[in-house]
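Scroll down for the structure; my scribbles are underneath it.
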Amino acid sequence: MRTPSMEDYLEAIFNLIREKGYARVADVAELLGVHPSSVTKMVQKLDEHEYVKYERYRGFVLTSKGKKLGRRLADRHELLEEFLQRLGVPDSAVARDVEGMEHHVSPETLDALGDLLRFFAEHPEVYAEFLAFRARASEDGEDEREEENP
């Protein structure tokens with residue numbers, strides 16, 4: 001059984017390897033803001049689940065199973081991030097919201113969100129209408145908030 005924490009570590013390892021060609025305990029610890037000892041414990045757990053191959057004092061590498069899942073986790077994160085950005089969610093909220101959503105969204109919902117993003121890409125006029133609608137709704141909401149708080 002995978003946990004959200006396991007997924008976060010695996011996604012971080014996958015992204016580090018994708019960007020740098022390797023991932024070290026110190027790199028993962030810095031990226032996730034945790035102690036290196038926490039990374040070592042999680043890497044050992046990921047090894048037990050056959051997501052990484054860990055050798056004490058030598059480091060670790062992703063297994064094919066780990067690479068496959070890591071890619072899916074990174075893709076999920078990127079899809080949710082793009083979705084929220086396209087909706088016009090402020091950048092300050094996107095990262096926080098993606099972290100909250102990514103472990104709880106079903107594959108079916110991800111597929112639907114991906115389809116919606118592709119639809120917007122294929123129909124920019126509809127996307128522009130949506131953004132205009134959202135801008136008007138935001139203005140209306142500001143007016144209502146001002147009336148509530150004189």
Rg in Å to one decimal, and Dmax rounded to a whole Å, for the chain via C-alpha atoms: 19.7, 64
Ranked order, 1, 101 - accessible area, probe 1.4 Å, largest first: 1, 101
Helix 124-148 vs. the chain, principal-axis angle (Cα, 0 to 90°, nearest 10): 70
Fraction of accessible area attributable to carbon and sulfur, the chain (%, probe 1.4 Å): 51
Environment charge of residue 59, counting only residues whose C-beta is closer than 14 Å and scoring Lys/Arg +1, Asp/Glu -1: +2
Local electrostatic count, residue 4, Cβ distance below 11 Å [Lys/Arg +1, Asp/Glu -1]: -4
Selection of GluC sites (Glu not before Pro), segment 1-88, meeting DSSP coil and at most 12 other Cβ within 10 Å: 50
Long-range HN-HN contacts of residue 52 with modeled amide H, under 5 Å: 47, 63
Helix axis angle, 91-101 relative to the chain longest principal axis, alpha carbon, degrees: 60
Given charges at beta-carbon only (K, R positive; D, E negative), |dipole| of the chain in Debye: 1620
Inter-probe distance in nm under a simple model that places probes 7 Å from Cα toward Cβ, at residue 38 and residue 55: 2.9
C-alpha long axis of helix 36-48 to longest principal axis of the chain, angle in °: 80
The chain - mean residue ellipticity at 222 nm from DSSP helices (-39,500 (n - 2.57) per run, n ≥ 4, rounded to 500): -25500 deg cm²/dmol
At R0 = 35 Å, FRET efficiency that the Cβ-Cβ distance of residue 30 and residue 117 yields, to 0.05: 0.65
Cut-off 13 Å between beta-carbons: net charge of the residues surrounding residue 47, Lys and Arg +1, Asp and Glu -1: +3
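The values are calculated or read from the model by the stated rules, or taken from the named source; none is laboratory data. All of these numbers come straight from a predicted model, not from anything done at the bench. Every residue, glycine among them, receives a Cβ derived from its backbone with ideal geometry; neighbour counts consider all protein chains shown. Note: areas computed on protein heavy atoms with side chains; ligands, DNA, RNA excluded. Shrake-Rupley method; radii C 1.70, N 1.55, O 1.52, S 1.80 Å.
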